[in-house]
Structure formats: structure tokens, C-alpha cells
Amino acid sequence: MEIKQLITFKTAAENLNFTQTAKILNFAQSSVTAQIKSLESDLGKPLFERLGKRLVLTEAGKQFKIYAEQMIRLNEEAKLLINGVEEQTGSLTIGAQESQCTYRLPPILKEFKSQYPKMRVVFKPAHSDEMAREQLEKGQLDVAFIMDTCRSGESLKIESLVKEELVIVASASHPLIGKSEVLPEDLEHEPLLLTESGCSYRTIFEGLFQTAGIHPLNKIEFGSIEAIKQCVIAGLGIAMLPKMAVETDLKMEKMKELVWKYPSTSVFTQIAWHKDKWMSPPLKAFIEITRKTFKDS
């Protein structure tokens with residue numbers, strides 16, 4: 001089992017297309033096929049199967065992908081350790097939600113790349129905090145940004161960086177804008193624009209209604225905060241979002257904040273990594289840059 005084969009398998013498992021894998025890795029397609037067959041021979045089980053024209057991972061392939069990613073990462077870490085800090089190359093895989101990628105990470109990434117220009121940074125979407133935690137525990141991420149209440153994880157190190165203000169927003173012309181105080185029952189029949197299930201602020205928003213004994217039925221789910229913002233501006237519904245994501249829109253009066261005095265749970269942007277993770281110089285630097293950026297801001 002060679003590292004080259006593991007990289008080929010990982011790439012193929014992500015693309016589910018041997019032709020595309022060959023193009024990405026600059027191999028002949030026959031070489032990709034041969035490497036996968038060699039791996040399957042070593043493991044004694046097929047890693048892929050064809051269902052019509054579709055290539056899919058077998059159950060063994062899904063399980064092996066986790067180990068392949070860990071072995072590739074260990075190989076990169078070993079090279080970094082042996083080569084020393086003067087020739088830092090390799091990759092750093094970061095999990096983050098869309099709001100953090102858009103509003104929190106650009107200055108951190110800019111500073112990190114100025115210190116480690118040869119490091120490849122890979123962002124993986126973490127649509128929920130539980131997804132990010134799971135990927136950290138499986139070694140699929142080096143570090144992750146999560147937006148959650150303050151709670152620990154047995155296998156993870158988690159640091160709170162900043163308390164996030166959540167606001168409930170509507171279009172500038174919405175009738176509830178002029179109301180001195182908005183309560184959960186005022187929103188019972190309003191269209192609610194929600195992020196994906198598992199997102200911390202969606203959980204908080206829905207929890208407020210449950211506590212009040214209100215059961216809104218008109219819900220629309222989106223995979224993008226930007227889509228939610230545009231729908232709020234267009235008057236299609238009401239949303240709870242982190243203030244950092246709508247601050248500019250509020251200043252420009254594209255949308256307005258409802259006067260919401262109902263108590264809600266505090267949520268924090270946090271940085272997390274596995275407690276057993278080898279802290280390479282680039283990873284240490286990324287965490288330290290993150291701490292300093294949040295402290296300065």
C-alpha cells in the first residue's frame with residue numbers, strides 16, 4: 001500500500017469519476033484503475049462499484065476513505081516534522097460555516113498566507129456544528145470554526161473567540177417593524193427563512209417557539225445565508241441570523257431588525273481541534289493568528 005495509491009483513492013472517492021481523477025492527478029486513466037485494483041487486492045474487498053453509469057463507494061470504500069485521509073495527513077505531518085519550519089509545505093484543512101468563511105476568515109487567511117505562502121489551505125463546508133465535530137473526531141479536518149453554545153467535547157479542544165449577537169430581521173417595509181416589541185406569537189403565521197437543520201442559530205430560533213408553545217408551519221429552508229438575506233430584503237419572510245452577516249444591510253436599511261425582547265441562548269464563534277492532533281508549526285500559527293485577530297477586533 002503506497003501513499004500514491006492512497007492519494008489516488010482519496011481523489012477518486014471525492015470525485016467518483018476515474019477520468020476526472022486522472023486529469024486532476026495528471027495520470028493516465030489506466031494508471032488510476034490499476035492503483036485502485038491494487039488497493040482492493042491488498043484489502044481483499046472492492047472499494048468502488050458501478051451502478052449503471054454511476055461510480056459509487058462500497059461500504060468498505062466509505063470506511064477505508066476515513067483511514068486513507070488520516071494516513072495521507074500523517075505522511076504530510078511527518079514530512080513537515082523532518083524538514084523543519086523553513087520549508088513548510090503541505091495542506092491545512094479547515095471546516096467552517098458560510099457566515100464564518102465570509103465574515104470572519106479573510107483577514108486570518110491573509111495573515112496566515114503571508115507567513116506560510118507554500119501551504120495549501122482547503123476549506124470544507126460544515127453546515128452544522130455537529131458535522132464539524134464529527135469531522136474533527138474522524139481526522140478529516142485539522143481545525144474547525146463552530147458557532148455554538150459553550151459546551152466541551154471529550155476528544156476536542158474548544159476555545160470561545162467571541163460572543164455572537166443574533167438578530168431577527170425582516171424587510172424594511174414589514175408591518176412588524178413599527179411594533180414596540182415582537183413576541184413569538186407575532187411570528188406564528190409569518191414565513192420563517194431557516195438555515196439547514198443542525199445549524200446552531202436555527203436550533204435556537206426554533207427553540208424559542210417551542211418554549212413559548214408556538215408551532216409555526218410556514219418554514220422555508222436554505223443552504224445559503226446570502227440567499228436568506230436576499231429573500232428577507234425582498235419581503236419573502238423573517239429570519240434569525242448572526243448580526244455580523246447582516247450588519248451592512250442594516251446600515252443601508254435594506255432590512256431592519258425586529259424589536260425582540262424574548263430571551264435567547266448565547267452563541268459563540270469557537271475554534272476547535274482534536275486533542276490528539278499533532279500541532280504542526282502551520283497549525284499552531286493558524287490558531288495563534290486566529291486568537292490575535294479576534295482579540296484585536
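The values are calculated or read from the model by the stated rules, or taken from the named source; none is laboratory data. What you see is a predicted model; the values in this text were computed from it and never measured. Here the Cβ is made from the backbone with ideal geometry for all residues, glycine too, and neighbour counts use every protein chain on show.
Any residue at all in the range 150-160 that is basic (K, R), modelled with pLDDT under 80, out of contact with any strand residue (DSSP E or B) (no Cβ under 6 Å at 6 or more places or on another chain) and surrounded by fewer than 22 Cβ atoms within 10 Å (Cβ to Cβ)? The answer is yes, given that some residue of the range 150-160 is basic (K, R), modelled with pLDDT under 80, out of contact with any strand residue (DSSP E or B) (no Cβ under 6 Å at 6 or more places or on another chain) and surrounded by fewer than 22 Cβ atoms within 10 Å (Cβ to Cβ). Is it true that some residue in the range 249-268 is part of a strand (DSSP E or B), among the β-branched types (V, I, T), over 20 Å from P191 (Cα atoms) and in contact (Cβ under 8 Å) with a residue 60 or more places away in the chain? Yes: the range 249-268 contains one or more residues that are part of a strand (DSSP E or B), among the β-branched types (V, I, T), over 20 Å from P191 (Cα atoms) and in contact (Cβ under 8 Å) with a residue 60 or more places away in the chain. Taken over the range 46-63, the residue count meeting the criterion of being modelled with pLDDT of 90 or more and in a loop (DSSP other than H, G, I, E, B) is 3. Pairs linking a residue in the range 127-145 that is part of a loop (DSSP other than H, G, I, E, B) to a residue that is aliphatic (A, V, I, L, M), with Cβ atoms under 6 Å and 6 or more positions apart or on different chains, are K138/I66; D142/L92; D142/L283. May I ask you to verify whether F209 is crowded, with 17+ Cβ neighbours inside 10 Å and not in a helix (DSSP H, G or I)? Considered against the rule, which asks whether it is crowded, with 17+ Cβ neighbours inside 10 Å and not in a helix (DSSP H, G or I), F209 comes out as no.
Checked across the range 270-285, the condition of being outside any loop (DSSP other than H, G, I, E, B), of a type in the set (D, E, K, R) and over 23 Å from the mean Cα position of the chain (by Cα) holds for no residue.
Of all residues in the range 245-265, at least one satisfies being under 21 Å from the mean Cα position of the chain (by Cα), closer than 14 Å to V167 by Cβ and surrounded by 12 or more Cβ atoms within 10 Å (Cβ to Cβ).
Being under 23 Å from the mean Cα position of the chain (by Cα), touching a residue at least 24 places away in the same chain (Cβ under 8 Å), outside any loop (DSSP other than H, G, I, E, B) and surrounded by 18 or more Cβ atoms within 10 Å (Cβ to Cβ) holds for only one residue in I108, I66, and it is I108.
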